[in-house]
Amino acid sequence: MGKQRVLSGVQPTGNLHLGNYFGAIGNWVKGQSEYENYLFVADLHAITAPHDPTKLASDTYTLAALYLACGLDLQHSTIFVQSHVSAHSELTWLLNCITPLNWLEDMIQFKEKAVKQGENVSVGLLDYPVLMTSDILLYQADKVPVGEDQKQHLELTRDIAARFNHLFAKPDQPVLKLPDPLIRKEGARVMSLADGTRKMSKSDPSDLSRINLLDSPEQIQYKIKRCKTDPIRGLTFDDPERPECNNLLTLYMLFAGKSKEEVAAECQDMGWGQFKPLLMETTIAALQPIQEKYQAITEDKGYLDSVLRDGREKAQAIANQTLADVKAALGYYLPV
Ligand code: TYM
């Protein structure tokens, strides 16, 4: 039997931060040799909130370069840009027409983001999860590695696929595969440096709330020095009264590659004055090779362009086949 297929993506909006790394990209890299991976830059999703057209292309390019810099290996992974494969938009239209409106109105992220956008909320924001569903179903993905915040969108994906199969496929010949989310326990929800009860987010107006993968050592030191802590000595995981402490220990654990027990024992008697320099040092050392690789990749623009061209071709071959199967199941008069 061939390898199972993995599909995932990140939006090219703002800087890539530690939440994106530990919730998504780091896990793609870790598991990549076990799977056949399709990883894309979600630039169609990036315009569901007001965006800057002068930055969309360069943000897309930066994110694709970061995928490689984080360690994606082209032997196992196909990297491409969502808008370069038009089947994503086309399948979204077809699935829109079989998705009940109230399924979308119930999405937590829609409700949260809609409040922020006020009266300017677009149809695209409401439709965002159907586009995400199309991304996944086009590749007949088995597994979708994401952070905790995408769980509800994955449930919707399964519901839409099941509904499509029920309405339009023969019972023993499903057209669309139901994917499973792959959400790792540690790092699935990295919290803000400014408030341990809120998730680290690209859209937080304060850059001090997150560490970005391309932050300089000085920025990392400054952010960790300024981050929110508490007045208690002795650092512990899992104390609901100490969300910042849990988050910072988790970041240290993930960067240092140590077990939870090891970190708990190492830090149990520490104060913040001792722990913060340790976290700074570990974070800077872990990000340095990613940043160096990023510099090298971006020095040769032609290389990344060729990676994305190859990726597009491979992605199109699979996506177009699924799209044709969906159209046939819906009863379209297909071109000959
Ligand atoms: P996006 O760009 O908001 O986030 C990219 C990935 O990072 C994860 N993530 C986090 N994980 C842990 N802690 C955090 N604080 C944190 N913040 C973000 C997200 O869960 C995600 O895995 N809709 C998606 C992009 C997308 C997609 C897809 C993903 C489009 N189509 C198909 C998978 C499959 C998004 O906006 O992610």
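Results, tabulated for the structure shown:
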read-out	value
Single unsatisfied condition, Asn212 versus (1) within 30 Å of Asp135 (Cα to Cα); (2) within 16 Å of the ligand (Cβ to nearest atom); (3) open to solvent by 60 Å² or more (accessible area, probe 1.4 Å)	(3)
Any hit, region 138-154, residues being out of contact with any Gly (no Cβ under 6 Å at 6 or more places or on another chain), assigned to a helix (DSSP H, G or I), hydroxyl-bearing (Ser, Thr, Tyr) and open to solvent by less than 10 Å² (accessible area, probe 1.4 Å)	no
Top-ranked residue of region 115-137 - restricted to ones that are assigned to a helix (DSSP H, G or I) and surrounded by fewer than 16 Cβ atoms within 10 Å (Cβ to Cβ), ranked as farthest from the ligand (Cβ to nearest atom)	Glu119
Residue check for Asp269: open to solvent by 30 Å² or more (accessible area, probe 1.4 Å), at positive phi and not in a helix (DSSP H, G or I)	no
Selection count where residues are within 30 Å of Thr62 (Cα to Cα), assigned to a helix (DSSP H, G or I) and of a type in the set (S, T, N, Q), scope region 213-265	4
Region 291-315, residues that are aliphatic (A, V, I, L, M) and either under 30 Å from His88 (Cα atoms) or open to solvent by 70 Å² or more (accessible area, probe 1.4 Å) (or both)	Ile297, Leu304, Val307, Leu308, Ala315
Residue ID - nearest to the ligand (Cβ to nearest atom), chosen from residues in region 169-190 that are surrounded by fewer than 16 Cβ atoms within 10 Å (Cβ to Cβ) and not in a loop (DSSP other than H, G, I, E, B)	Asp180
Filter pass, Ser122 being among the polar types (S, T, N, Q) and in contact with a Gly (Cβ under 9 Å, 6 or more places away or on another chain)	no
Search result, residues across region 69-83 that are away from the ligand (no atom under 14 Å from the Cβ) and surrounded by fewer than 21 Cβ atoms within 10 Å (Cβ to Cβ)	Gly71, Asp73, Leu74, Gln75, His76
Residue in region 37-62 that is nearest to Leu254 (Cα to Cα), counting only those that are near the ligand (Cβ under 10 Å from one of its atoms) and hydroxyl-bearing (Ser, Thr, Tyr)	Tyr38
Checking Asp106 against (1) at pLDDT below 95; (2) under 25 Å from Ala87 (Cα atoms); (3) over 16 Å from the mean Cα position of the chain (by Cα), the condition it does not meet	(2)
Count of region 195-205 residues which are buried (at least 18 other Cβ atoms within 10 Å of the Cβ) and more than 9 Å from the ligand (Cβ to nearest atom)	2
Restricting region 1-36 to residues that are away from the ligand (no atom under 12 Å from the Cβ) and open to solvent by less than 40 Å² (accessible area, probe 1.4 Å), the residue that is nearest to Val121 (Cα to Cα)	Val29
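The values are calculated or read from the model by the stated rules, or taken from the named source; none is laboratory data. Computed from a predicted structure; not experimentally measured. All Cβ positions, even for glycine, are placed from backbone atoms using ideal geometry, and neighbour counts span all protein chains on display. We work out accessible area using only protein heavy atoms, side chains counted, and drop any ligands, DNA or RNA first. Shrake-Rupley method; radii C 1.70, N 1.55, O 1.52, S 1.80 Å.
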